[in-house]
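Single-structure report; data block below.
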Amino acid sequence: MFIDTHAHLDFPDYKAEIGAVLGRAKDADVGKIINVGVDFISSRKSADLARHYPEIYGSIGFHPEAALELDLETISSLSTIAQHKKIVAVGEIGLDYYNLRRSSKYARYPSREQQIFCFEQMLDLALELRLPVIVHMRESEIDTLAVLKSFSSGIRGVVHCFSSDFEVAQKILDLGFLISFTGNITYPKSEAKDVIKKIPLGSIMLETDSPLLAPQPYRGKRNEPAYVVEVAKKIAEIKNISLSEVEQSTTKKAESFFGLSD
Ligand SMILES: [Zn+2]
C-alpha cells in the first residue's frame, strides 16, 4: 500500500468527484491520503473529509499566501478543529518568495515579514498541539531554515514538494526533518535526481500535491492520489531499487511520522 502524504481534495477541482478519485486511488493501492489545509476554510474542509472517509486524514494550516488572514481567533478555532484524532499535522505552513512577484487569489500578497510571522505562529501551534509540521518552501531556503532552526527542538516536520539542491536537503535532514517528493521529479528537466540518489530512502515520503504537479505521463492534467505510484516508480528508478522497497519504506515512515492508525 502507498500513502499520498499531501493532497488538496477539498479544492474545487474535484467538486462531486471525490468518490471516483478515491476509487481510483484504491485500485492503485493508495490506501491512505493526507488532505492538507492551506487556510481556515480548507482546514475545516480537511477535517470534514477526514471524518467522512476512512482513508483520508487531515491537517490544519495556513499557507504563506494566506498569512494576512490569520488572527488569534482563527488560531483558536484551528486548535479546536485539531482535537479530532484524524488531524495529524499542522500544514502546510512556510515561506513562499516565488509568488512575491506574482498575483495571488488573496487580496494582498503577504510580505516576507508577514509570512515569517504567520509561519512562527503556526509552529507555536504545532508545539502546543504536539503535531508534526508540513512545510512549504519556495525560493525561501535561507529564511525557512533559519526559522526552523530556531524551533528545531520539539518540532518534527517534513519539507514537502522538495525542489532544491542536495546542500539544502542535507540541512533539512540535519534538523531531523524528512523530505517528500511530488510528480515534478518525473519531469525531464527535474534536478531532483542528484538529491534522491544521495539522501537515505528512510528520509523520504511520497506525495502528489493534487490537483497540482501531475507526474508524467499525466502532466498538464489534474493530479490525483492514484498517481503517487508514478512518484514512487521514479524514486525506485533513480535509486536503482525495487518499487516494493520504496513502497514499504515510505509507507512505514508516513505511518509512524503522522501516527496514522487504522
Ligand atoms: Zn500543497
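Once the other residues with Cβ under 14 Å from the Cβ of Ala146 are scored (Lys, Arg +1; Asp, Glu -1), what is the net sum?
Combined, the nearby Lys, Arg, Asp and Glu give -2.
Can you give the local net charge around Pro225? Use residues other than it whose beta-carbon is closer than 12 angstrom to its beta-carbon, Lys and Arg +1, Asp and Glu -1.
Neighbour charge sum, excluding Pro225 itself: -4.
Quick one: which residues, 5 or more positions from Ser140 or on another chain, have an amide H under 5 Å from its amide H? H modelled 1.01 Å from N in the peptide plane, none for Pro or chain starts.
Under 5 Å from the amide H of Ser140 lie the amide H atoms of Tyr97, each far enough along the sequence or on another chain.
Would you calculate a helix-derived [θ] at 222 nm for the chain, using -39,500 (n - 2.57) for each DSSP H run of n ≥ 4 and dividing by the full residue count, to the nearest 500?
Helices in the chain give a 222 nm mean residue ellipticity of -12500 deg cm²/dmol.
With equal scatterers on the alpha carbons only and no solvent term, can you work out the Debye log10 of I(q)/I(0) for the chain at 0.11, 0.13, 0.15, 0.17 1/Å?
Computed log10 I(q)/I(0) values: -0.53, -0.77, -1.06, -1.41.
Give me the number: length gained by fully extending Gln170 to Lys189, i.e. 0.36 nm times residue separation minus the C-alpha to C-alpha distance, one decimal in nm.
In short, 4.7 nm is gained.
In the chain, if the dipole is taken from +1 on Lys/Arg beta carbons and -1 on Asp/Glu beta carbons about the Cα centre, which of Leu68, Val195, Leu260 is farthest to the positive end?
Val195
Determine the distance separating the Cα centre of region 162-198 from the Cα centre of region 221-247; give it in Å without decimals.
With region 162-198 and region 221-247 each reduced to a Cα centre, they are spaced 14 Å.
Expressed in nm to one decimal, what extension gain is obtained for the pair Ser111 and Leu72 from 0.36 nm per residue of sequence separation less their Cα-Cα distance?
12.1 nm
Leu243 to Glu120: extension gain in nm, 0.36 nm per residue of separation minus the Cα-Cα distance?
Stretched fully, the Leu243-Glu120 segment lengthens by 40.5 nm.
Could you check the simple spin-label distance between Ser153 and Arg219, using points 7 Å along Cα→Cβ, in nm with one decimal?
4.6
Sort largest first and round to whole Å: the equivalent ellipsoid semi-axes of region 165-206, each the square root of five times a Cα gyration tensor eigenvalue.
Taking √(5λ) for each Cα gyration eigenvalue gives 18, 11, 8 Å.
I need the calculated FRET efficiency for the pair Phe11 and Arg101, taking r as the beta carbon distance and R₀ as 22 Å, to the nearest 0.05.
Efficiency, from the Cβ-Cβ distance: 0.40.
Run the quick spin-label model on Gln83 and Glu255: label points 7 Å from Cα toward the beta carbon, then report their separation in nm to one decimal.
3.0
Given region 138-262, what whole percent of its Cα pairs are spread farther than 16 Å?
The proportion of pairs with Cα distances above 16 Å equals 62 percent.
So what is the relative contact order of region 2-258, in percent, for Cα pairs below 8 Å that sit 6 or more residues apart?
19
Sorting check: for 38-48, 124-134, which peptide has the highest mean count of neighbouring beta carbons within 10 Å, and how do the rest follow?
With the highest mean Cβ count within 10 Å placed first, the list reads 38-48, 124-134.
Taking the Cα centre of each part, how many Å lie between region 27-45 and region 54-116?
Taking the Cα centre of region 54-116 as reference, the centre of region 27-45 is 14 Å away.
Coordinate-derived values only; no laboratory data. Bear in mind the structure is a predicted one, so any value in this text is a computation, not a measurement. Positions of Cβ are backbone-derived with ideal geometry, glycine not excepted, and every protein chain shown enters the neighbour counts.
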